[in-house]
């Protein structure tokens with residue numbers, strides 16, 4: 001053994017059996033070595049014999065200094081990486097366009113004033129952004145903090161048919177692109193939401209076309225969801241929007257139960273079983289249209305109770321109660337005004353010829369196309385030459401003629417409007 005020690009030397013034998021590592025290096029390699037190895041560093045211990053005390057002490061001190069320098073560098077690098085990955089808070093701004101009603105009754109005016117007062121004390125409109133991405137912590141879509149509409153009470157009392165309110169959100173830089181926005185109306189009155197534009201994210205502003213009535217949370221506690229104007233196939237829907245899309249589809253389809261309210265927006269269909277009224281007499285009973293054999297026509301399901309005389313028939317809605325249609329499909333004020341004007345015009349166009357045919361025994365045939373053209377220019381009564389004759393007998397017609405002369409004229413057809421003094425000109 002002594003001969004082998006003399007030939008091979010102590011380092012070789014000690015390395016073959018067990019390495020003699022200083023305690024300081026052992027603590028470094030076993031305790032703090034993981035962070036160093038993660039950073040791609042490699043340190044080697046000097047396997048010198050213990051009897052070389054001077055060399056070992058100098059090697060140990062230099063190793064300690066190297067370890068201290070390496071640990072400091074590793075800590076600084078880890079701190080820099082952690083600081084770079086911390087999300088940064090961003091402030092984004094949403095512009096909300098709301099359409100006001102042109103005419104309000106006393107009840108609606110009082111409700112609007114009450115909503116303006118309650119908005120100042122916290123009962124306001126709340127918005128929240130929903131990202132396209134999934135939060136890896138809870139496996140749900142990323143959501144921003146809630147934000148309220150500002151200056152509601154001041155802007156809703158101004159003149160004009162539209163107002164623009166603002167809201168500010170605080171999101172992380174890792175939030176991603178907002179794919180949806182939720183709206184909760186804590187007021188007592190519904191409002192018509194036209195659009196929402198969100199600015200502050202990288203890239204172009206995000207547009208949310210709405211064009212829908214947002215009901216009060218008392219009638220509909222759930223939040224309304226609006227998606228941005230980027231279409232997707234069902235298989236390409238972003239993961240953060242899949243659940244919201246499914247819930248919105250269920251909300252629109254309904255569950256086929258309960259009675260529909262005017263504030264609902266459910267597109268559920270049923271057969272035509274309310275055409276008659278057998279409760280007033282069996283002669284007023286009507287057959288059911290639609291079903292499995294003939295699925296069309298269909299109507300929106302209302303869920304009204306059945307009649308007493310016929311359980312297959314649904315009870316009717318009599319005036320002045322309105323018939324249910326989804327809230328977003330109901331006529332707005334402009335469309336309702338145009339519809340009423342067209343109905344009045346149709347009644348007058350049917351009423352005046354009937355009156356003239358009943359009172360006057362003369363025949364008033366058209367002699368030429370010029371007579372037809374004059375009918376649109378001069379009006380129905382003036383062309384027939386019966387104005388004085390009729391007005392002497394029927395004072396009501398004089399009132400109609402004086403007050404709504406324009407309603408007695410048809411709109412000139414395009415083929416009759418394209419003419420000159422020499423007649424029709426099809427080239428103009």
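No value in this document is a laboratory result; all are computed from the given coordinates. Note that the structure is predicted; figures quoted are calculated from it, not measured. Because the Cβ atoms are built from the backbone with ideal geometry, glycine has one as well, and the counts that use them run over all protein chains shown.
For the reader, a short list of remarks on this structure follows.
- Mean Cβ count within 10 Å, highest first, over the residues of peptides 104-114, 119-129: 119-129, 104-114
- From least to most packed, judged by other beta carbons within 10 angstrom and beginning with the fewest, 319, 142, 250 follow the order 319, 250, 142.
- From least to most packed, judged by other beta carbons within 10 angstrom and beginning with the fewest, 232, 201, 226, 339 follow the order 339, 232, 201, 226.
- Cβ-based exposure ranking for 317, 171, 325, in which fewest neighbours within 10 Å come first: 317, 325, 171
- Between residue 148 and residue 229, the FRET efficiency from the beta-carbon distance, with R0 = 35 Å, is close to 0.90.
- The length gained by stretching the chain between residue 311 and residue 236 to full extension, at 0.36 nm per residue less their Cα-Cα distance, is 22.4 nm.
- Here's the picture: a label point sits 7 Å out from the Cα of residue 88 along the beta-carbon direction, and within the stretch 169-203 the residues with their amide nitrogen under 20 Å of it are 169-178, 199-203.
- Largest-first ellipsoid semi-axes for the stretch 154-309, taking √(5λ) over the Cα gyration tensor eigenvalues, angstrom: 41, 21, 13
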